[in-house]
1. Regarding region 25-34, can at least one residue be identified that is part of a helix (DSSP H, G or I), in contact with a strand residue (DSSP E or B) (Cβ under 9 Å, 6 or more places away or on another chain) and within 25 Å of residue 88 (Cβ to Cβ)?
2. Looking only at region 35-53, how many residues end up being within 14 Å of the chain's Cα centre (by Cα) and over 22 Å from residue 88 (Cα atoms)?
3. Tally time: how many residues in region 37-63 are surrounded by 11 or more Cβ atoms within 10 Å (Cβ to Cβ), in a helix (DSSP H, G or I) and free of Cβ contacts under 8 Å to residues at least 24 places away in the same chain?
4. Taking region 5-22 as the search range and keeping residues that are surrounded by fewer than 17 Cβ atoms within 10 Å (Cβ to Cβ) and in contact with a helix residue (DSSP H, G or I) (Cβ under 6 Å, 6 or more places away or on another chain), which one is farthest from residue 83 (Cα to Cα)?
5. If I ask for residues that are touching a strand residue (DSSP E or B) at 6+ places or on another chain (Cβ under 9 Å) and in contact (Cβ under 8 Å) with a residue 60 or more places away in the chain, which ones from region 64-94 would you list?
6. Six or more apart or on different chains, Cβ atoms under 6 Å: show the pairs whose first residue is in region 1-19 and without any contact (Cβ under 8 Å) to a residue 40 or more places away in the chain and whose second is outside any helix (DSSP H, G or I) and buried (at least 16 other Cβ atoms within 10 Å of the Cβ).
């Protein structure tokens, strides 16, 4: 059980390092966010199984994570349609 927790924390920190790094494509940032969500899901799964709680909270978490992924993909598609690529340098954030 302790080895699984170490693997989950390593997954979380790798996802955070990729997210914080200065990448120029929006798709890489969105994939790193999904990787962080996946590591949080595994952490919650292990903790809820260890405490013998119900898994309803995991279903709520999965619903919100799917909504987050759909919103990210819709932003990516609208950005590609309007600017022609997914570079951060091609649009003004202000």
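Bear in mind these aren't lab numbers, they're just calculated from the coordinates by the rules spelled out. Treat the numbers as computed from the prediction; the structure is a model and nothing was measured. Using ideal geometry, Cβ is built from the backbone for each residue, glycine included, and neighbour counts are taken over all protein chains shown.
1. yes
2. Qualifying residue count for the region: 7.
3. Selection size over region 37-63: 9.
4. 18
5. Correct list: 86, 87, 88.
6. Sorted first by the residue in region 1-19, then by its partner, the list stays empty.
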